[in-house]
Amino acid sequence: MSLTREDVTYVANLARLEFSPDEVTALVDKMGAVLDYAQTLSELDTSAVKATEHVLAVQNVFREDVPKPCLTNEQALANAPESEAGCFKVPRVME
Amino acid sequence: MEYEMVIGMEIHVELGTKTKIFCSCPTEFGQDENTHTCPVCLGMPGVLPVLNEKVVEYATRAGLALNCEIAHFSKMDRKNYFYPDLPKAYQTSQFDLPICTGGVVEIEVDGMKKDIGITRIHIEEDAGKLLHESAEGTLVDVNRCGVPLVEIVTEPDMRSAEEARVFAEKVRNILEYTGVSDCKMQEGSMRFDVNLSMREKGATVLGTRTEMKNLNSFRALVRAVQYESKRQIIELKKGHKIIQETRKWDDTKGVSSSLRSKEEAQDYRYFPEPDLVPIVIEKEYIEKIKSELPELPEAKKQRYIDEYKLPEYDAGVLTASGVTARFFEEAVSLYDEAKQISNWIMVEIPPLLKEKELTMENIPIKPAQLAELLKLVKDGVINGTSGKEVLKEMFNSGKNPDEIVKEQGLSQVSDTGELEAIIEKIVADNPKSLEDIGAGNEKAYGFLTGQVMKATKGKANPQVANKIIRDVVAKHLG
Amino acid sequence: MELSQKTIHEINDLLEKKEVTVTEVTQSVVDRIAAVENKTAAYLNLQTEEALRAAGVIDEKLGEQKKRTPLEGIPYALKDNMCTQGILTTCASKMLYNFNPPYNAHVYDRLIEEGGILLGKTNMDEFAMGSSTENSAYKITHNPWDLNKVPGGSSGGSAVAVAADTAFYTLGSDTGGSIRQPASFCGVVGMKPTYGLVSRYGLVAFASSLDQIGPFTKDVEDCALVLNAIIGHDPKDSTSLNLEKKDYTQTLKQGVKGMKIGVAQAFFGEGLQPEVRKSLEDAIAVYKAMGAEIVDVSFQYLDYALSAYYMISSAEASSNLARYDGIRYGYRAEEYDGLVDLYKKTRSQGFGEEVKRRIMLGTYALSSGYYDAYYKKAMQVRTLIKDDFNQVFDGCDVLLTPTAPTTAFGIGEKTSNPLEMYLTDIYTVPVNIAGIPGISIPCGLDNNGMPIGMQLLGPILSEETLLKVAWAFENEKGLKNLKAPLETEV
Ligand SMILES: [Zn+2]
């Protein structure tokens, strides 16, 4: 199985990353090598094996429905690259 | 060719918890932007979610009320996509193992009963709000991020806009009754996504469907369904294929348009949320929640018919919303005249609410006040006409009915002496009526009663007045 | 010997006897930092002034109170992926170059309560992705045993600070070996506790189901002391275990007589540096001599651990790192055209090459059409590996392995070949896959005088046993007195 440039471009868009043509070439190569290595997994028949989502059998961890103090508006926005009128600011969403 | 529409729905309902689903921020509506946030709901680096126990309880309650199976084992998953209202760039939701499955809701349209299947109910978090979208940019408010939601997914069982509306109203009603949500449409506590396709009547395969998102009123739901079904029929008649797409409903213009997405087909990359552990619900827990479930609309309606001897119509109207039913029950517990109370709630109150742009949720009078007013009418202290005036004044001033009656001097005149004098004069002034009665025209009595009411400004006790009129007329006619 | 070179428990004895003050202890480390930090570059951010001020406060307090807690007044450092309110937390990434968290990591809160003195934040591979600390966006950290070699990673700065005596202890995080491998490369003790034993709240997530915080210390007794302080249930972390607290120093010195120590061929295969093999064989002999029983054990699925690890960790990382979008905090690209471009430019400029590669790998493994073949398959293999370990621990108390196939490699040696770099984690990743605890302790030096690490593994929550077994060896061989030759100029 080999990774194509199209695969890389498709995945890059999903991950909101962009790469120059040279970088795409390098990724096809380096990601491809890791994926080929991971192909060894397909040797195993795991059809009857349950997936492990959590290594420990912890379940039903809940929090009481009791409000606690929030951050102030200033604290919430303190790290924001751009803010206005108490809000985070981004470029127009609908194009 | 005759077409039939096939409708399935996804209903998002905000749960009425005090805090958000994964953090302890309050869920209050209408606060200043970005004042109900913390590192968790802001999606800051390294923070972790902890599930609100009430969310599980409310979802279980909703599931039971909609006749679902409650899953013994369910889990949370991540739905990954980028959007400025989604701080973590994934929505924590449930994918393959939702908390409830396989429910059913019975609806009645045009006297026909029908079951609408509920495929599943899952829990998830709400997103934030985008404000003031302009060329300048968009502002993001995170307050709503993490408010708990249930998403109710139906089978494609509905066949008309009316069925969709009745179903949606019934679900709203049930959820409001069970107390899992206030279902305030105007605050976006309940939103509908509609999947609609058309097919030749009698066909078994489904046509290509479109999806309309975020309809937030029953009116919008009905209009969107009507518009979209017509649009699809026109397309099909032209021989065009329906494109599977998401469409945006514009309620002001009354049209839907394609949300032409430049994006690739969505690839949400769902996977199990490693930061949250599975939810395991035991039978005992389900039994406990079941035993705490309040009486649901169906049962309540039947009880109103049996216990209060109300007509089915009245019982239906009164139980159509939990708030109305609660108002009625409180009034009837203070004043045992169910039908009278029912009449006033169904006939007199709605126009007053409408005038003031209020609903039963924020009605300015208390059930006890209505009960008191109706007692005054029943006891003959005031007549029905005055009663309506008093009710109006109660809406305006919030004063008690007895106060208003006193202030405005609305007590009925039942004093026979005073009435006799008035009536003598009226009969004397209207010889024509006397003549008519003498000739056997009973209708003339009504005219005389009207004159008495006019003379007393409506305060005459009608029963007493009628008796005196008959006595005086008899005397004159010899 | 300078105070800075001593262990925590040695300093504790001196403080107990009032022979030194916390200020003197802190000053000694601050001086040491001034002397060697320019060579090792372990720190991204130093808080030495604040540390000295805090030391003065604690001295005053200690004058009045009788009882001192074991970490009170002991200077330490945190890996820069643990959130510290008021102190930048960068994850060694340009993406978080200016991030000032309005909250603390649970472990930082714990150490504040214990009276610890924070010296600063240590360098790491960006977002903890790497095995050499060369993926830091800010600096290269040098191995104090040979400044031309890497310290290992991703917690390289934390390992070096302890090895170079610029902190008495440090915390690191271990997703696939990021504590144990640098501990091995730098000749210090490093432990990855059982998943869930230490709260992850405020640890910037790499791979949520694998990440675990643990200590770097100069010896095993110190490791027990630090572990005592950082474990415990945290209601803010749903995966945090709710257990009674233990005192790991109680059982530390009980010896290994009669214990079964497992040795598996799978850990001594191809690619193992001969001196490492030799050193491990010597260690086995030492245990035998101390009365432990050495048993052969075998694995069925270990060969698949590294593949499963890279799929699971990258998939989780792709989702965990999606929040860095230039909107609420951190870096935002200066020029962009619209929202999607803002995302793409910000993320492409803010993340380094390795981080981007893992995000790509993880996104691919989760994307429609590949989920079953990669992600789901890896989660199933995870079950097989977990079962494999369970079966192995039916036959032995602990498993003895090399921590890494080789000693520290040269700076720049493996940067061009990610797969080769990934292979250096081959002995450590299965541990995270299974969620079990592991400790790396020094067991010798190779021909170039570089430290060799021995890894001890046990079943879930066997920290007590691991520390006991590790202490017995350390006590017998006396390697804890081996110091990095930093003084002799390089
Ligand atoms: Zn919050």
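Where a number appears in this text, it was derived from the coordinates with a stated rule and is not lab data. What you are looking at is a predicted structure, and each value in this text was computed from that prediction instead of being measured. Neighbour counts run over all protein chains shown; Cβ positions are idealised from the backbone, glycine included.
Peptide C:348-357 shows a mean partner chain C-beta count of 3 within 10 Å per residue C-beta.
Partners of B:Lys425 within straight-line reach, counting lysines whose Cα lies under 24 Å from its Cα and excluding those fewer than 8 residues away in the same chain: B:Lys443, B:Lys454, B:Lys457, B:Lys459, B:Lys467, B:Lys475.
Let me know the longest stretch in chain C that avoids all GluC sites (Glu not before Pro) found in a DSSP loop with at most 15 other C-beta atoms within 10 Å. Segment C:20-243 is the longest. Classified by the C-alpha gyration tensor, chain A has an oblate form. Its axis ratio a/c, with a ≥ b ≥ c, is 1.5 or above, and a/b does not exceed b/c. Among the listed pairs C:Lys39/C:Lys477; C:Lys192/C:Lys236; B:Lys75/C:Lys94; C:Lys61/C:Lys245; B:Lys75/B:Lys213; B:Lys75/C:Lys386, those whose Cα-Cα separation exceeds 24 Å are C:Lys39/C:Lys477; B:Lys75/C:Lys94; C:Lys61/C:Lys245; B:Lys75/B:Lys213. Inter-chain neighbour count for C:83-94: the average number of beta-carbon atoms from partner chains within 10 Å of each residue's beta-carbon is 1. Taking GluC sites (Glu not before Pro) in DSSP loop states with no more than 15 other Cβ atoms inside 10 Å as exposed sites, chain B has its longest site-free stretch at B:137-244.
Indicate the gyration tensor shape class of region B:255-334 (rounded, prolate or oblate), computed on the Cα atoms with a ≥ b ≥ c the square roots of the eigenvalues: a/c under 1.5 is rounded; otherwise a/b larger than b/c is prolate and the rest oblate. Provide the component values of the computation, followed by the final result.
On the way: a/c = 4.19, a/b = 1.67, b/c = 2.51.
Judged from the Cα gyration tensor, region B:255-334 comes out oblate (a/c at least 1.5, b/c at or above a/b).
Would you mind calculating the relative contact order of chain C from Cα pairs under 8 angstrom and at least 6 residues apart, reporting the percent as a whole number?
Details: 1152 pairs, mean separation 84.8, N = 490.
Contact order relative to length: 17 percent.
Under 1.5 on a/c is rounded, so check that first for region B:416-477, then, if it is not, pick prolate when a/b is larger than b/c and oblate when it is not; a ≥ b ≥ c are the square roots of the alpha carbon gyration tensor eigenvalues.
Details: a/c = 1.75, a/b = 1.55, b/c = 1.12.
It is prolate, given that a/c is not under 1.5 and a/b is the larger ratio.
Neighbouring Cβ atoms from other chains, within 10 Å of the Cβ of residues in B:23-30, number 3 on average.
When B:His476, C:His142, B:His240 are sorted by how many other C-beta atoms sit within 10 angstrom of their C-beta, beginning with the fewest, the order is B:His240, B:His476, C:His142.
Please give the helix B:283-292 orientation as an angle from the longest Cα principal axis of chain B, in degrees from 0 to 90, rounded to the nearest 10. Roughly 20 degrees between the two axes. For C:Lys376, the aspartates and glutamates whose Cα comes closer than 15 Å to its Cα, not counting residues fewer than 8 places off in the same chain, are A:Glu43, A:Asp45, A:Glu53, B:Asp77, B:Asp96, B:Glu273, C:Glu316.
Only counting other Cβ atoms within 10 Å, I'd like C:Leu467, C:Leu342 sorted with the fewest neighbours first. Please report the intermediate quantities before stating the final value.
Working: C:Leu467 27, C:Leu342 23.
Placing the least packed residue first, the sequence is C:Leu342, C:Leu467.
Compute the helix-to-body angle for A:5-14: its Cα long axis versus the longest principal axis of chain A, expressed 0 to 90° and rounded to tens. Once rounded, the angle reads 20 degrees.
Taking other Cβ within 10 Å of each residue's Cβ, how do A:Arg16, C:Arg110, B:Arg159 sort, fewest first? Working shown, then result.
Numbers: A:Arg16 23, C:Arg110 20, B:Arg159 15.
Placing the least packed residue first, the sequence is B:Arg159, C:Arg110, A:Arg16.
Taking all Cα pairs closer than 8 Å and separated by 6 or more residues, the relative contact order of region B:127-274 comes to 15 percent.
Taking amide H atoms as placed 1.01 Å from N in the peptide plane, the amide H of C:Ser368 lies under 5 Å from those of B:Arg269, each 5 or more residues away in sequence or on another chain.
Relative contact order (percent) for chain B, with alpha-carbon contacts under 8 angstrom and 6 or more residues of separation?
Answer for chain B is 14 percent.
Between helix B:462-477 and chain B there is an angle of about 30 degrees, using the helix long axis and the longest principal axis of the Cα atoms.
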